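Novice: Please find one structure pasted underneath; my questions will follow.
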Amino acid sequence: MKIGVSSCLLGENVRYDGGHKHDAYVAATLGAYFSYVPVCPEVECGMTIPREAIRLEGEPESPRLFTVKTRRDVTEQMLVYREAKLAELKKENLCGYILKKNSPSCGLARVKVYRGQGIVKSGRGIFAAGLVMSFPLLPIEEEGGLNDPKIRENFIERVFTYSRWKDFLSANPTPKKLVEFHTCHKLLLMAHNPQIYREMGKFVATSGAPGFHELLNRYESMLMGCLAYFATPRKHADVLMHIMGYFKKELSGPEKAEMLDLIDQYKNETLPLIVPLTLMRHYISKYDQDYLKKQVYLNPHPQELMLRNHV
Ligand code: SF4
C-alpha cells in the first residue's frame with residue numbers, strides 16, 4: 001500500500017542544512033509494510049540543498065513563508081508547486097501520509113509562526129495544509145505523533161482499513177459486497193464509535209436503492225470519520241464483552257471469571273489490550289466461531305507491529 005512521506009524521514013539528505021531526519025520506526029519498521037512515496041516540498045519547489053532556512057510568518061491561519069535572513073517571500077513558489085504536486089498525488093492512490101513535525105512546509109500542527117516580535121506555536125506547514133484540504137479522509141500523522149502508542153495504533157489501523165476499502169472499491173463493488181465489508185468491520189467500528197457504526201448499518205441497508213455510487217462516497221466518509229475517534233479501553237471492553245456473549249454456553253464458570261477479570265484489568269489500564277484479546281482469540285478458534293473469525297477487529301494490522309501490546 002502506498003504511503004506519502006516527508007523524504008527527510010527516510011534519511012534523504014534534503015534538509016536546509018544538507019542533512020536528514022532519518023526515523024528508524026518510519027523507515028524500517030513501517031517501511032516493511034508500506035510502499036513509500038517520498039516528497040520533499042522545499043527541494044521539489046526549486047529550493048537548493050543546502051539552502052537558507054525558511055519560516056512561517058503572519059497569521060497562524062494563513063501564514064506566509066519567508067527566508068529567515070534575506071527576507072524573501074517564497075510563499076507563491078511553494079503554492080504553485082503544491083497545486084501541481086497534490087494533483088499528481090491524487091493519482092497515487094495513497095492510503096496514508098507521514099509528515100515531518102515542526103517544519104514550515106511539512107509540519108501538521110503546532111508549527112512556529114512568527115508574528116512581529118512574538119511566536120505562536122499553532123501553525124501548519126504550507127504543504128501540509130494543502131494536503132489536509134485535498135485529502136480530507138486520508139490518515140495523516142507526524143513522525144512525532146507515532147511515538148505515542150495510542151496515536152500510532154489509531155493511525156496504522158486507519159491506514160490498513162483505508163487500504164482494504166480501496167481494494168474493495170477496485171474489485172467491482174456491489175450492494176451485497178458492501179454488506180459483507182460492513183459486517184467484517186462491525187466490531188472494529190464499534191470499538192471506535194458505536195453510534196456512527198449504527199448509523200452506517202442503517203445506511204448500508206439502503207444500498208440496493210439507486211445512487212449506489214454516491215452511497216459508496218458517503219460510506220467512505222463515515223468509515224474514516226468513525227475510525228478517527230479513538231478506541232478507548234471502555235469501548236474496547238464493551239466489544240470484548242460482546243464477543244464473550246458468543247461463548248456464553250461453552251465457557252465454564254472459572255473460564256468466564258478469568259475472562260471477566262482480564263477485561264476488567266484492561267479497562268482499568270493495568271493490562272494491555274493484547275492480553276484479553278489473545279484469550280478471546282483462543283476461544284474463537286477453539287469453538288470455531290466463523291462469524292467472529294471474519295472480524296477485522298481481531299487482526300486489524302500485522303501482529304508483528306505489536307501495536308496492541310501498548311494500548
Ligand atoms: S521537512 Fe519536508 S520540506 Fe523539510 S526537508 Fe523534510 S521533506 Fe523536505
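Each reported figure results from applying straightforward, stated rules to the coordinates on display, with no laboratory input. On a predicted model such as this, the values are computed, not experimentally measured, just so you know. Glycine gets a Cβ as well: all are built from the backbone with ideal geometry, and neighbour counts include every protein chain shown.
Novice: Considering amide H positions built from the backbone, and no H for Pro or chain starts, which residues 5 or more places from V5, or on another chain, come under 5 Å of its amide H?
Specialist: V37, V39, I98
Novice: Still on this structure: Can you tell which of E199, E157, E12 shows the greatest fluctuation in a Gaussian network model of the chain with Cα springs below 10 Å?
Specialist: Per the Cα network of the chain with a 10 Å cutoff, E199 tops the list.
Novice: While we're on this one: Going through the DSSP H helices of the chain, which span 15 Å or more along their own axis at the Cα atoms while scoring at least -0.5 as a mean Kyte-Doolittle hydropathy?
Specialist: Flagged H segments are 75-90, 194-205, 212-228, 233-244, 274-286.
Novice: Show that you can apply the helix-only estimate: for the chain, add -39,500 (n - 2.57) for every DSSP H stretch of four or more residues, divide by all residues, and state [θ] at 222 nm to the nearest 500.
Specialist: Only helices count here, giving -14000 deg cm²/dmol.
Novice: Taking amide H positions as placed in the peptide plane 1.01 Å from N, state which residues far from V311 in sequence (5 or more) or on other chains have amide H under 5 Å from it.
Specialist: Close amide H contacts, sequence-distant or interchain: L273, I274.
Novice: Give me, ordered by chain and number, the residues 5 or more places off E52 or on other chains with an amide H under 5 Å from its own placed amide H.
Specialist: Answer set, sorted by chain and number: none.
Novice: Here's another thing I want to ask about it. Towards the positive end of the charge dipole of segment 157-311, with charges on Cβ (+1 Lys, Arg; -1 Asp, Glu), say which of L223, Y246, G201 has the farthest Cα.
Specialist: G201
Novice: Could you tell me the ratio Rg/Rh of the chain? Both radii from Cα atoms, Rh via Kirkwood.
Specialist: 1.04
Novice: For K267, list the lysines whose Cα falls under 27 Å from its own Cα; do not include residues on the same chain fewer than 8 positions away.
Specialist: K150, K186, K235, K248, K249, K256, K286, K293, K294
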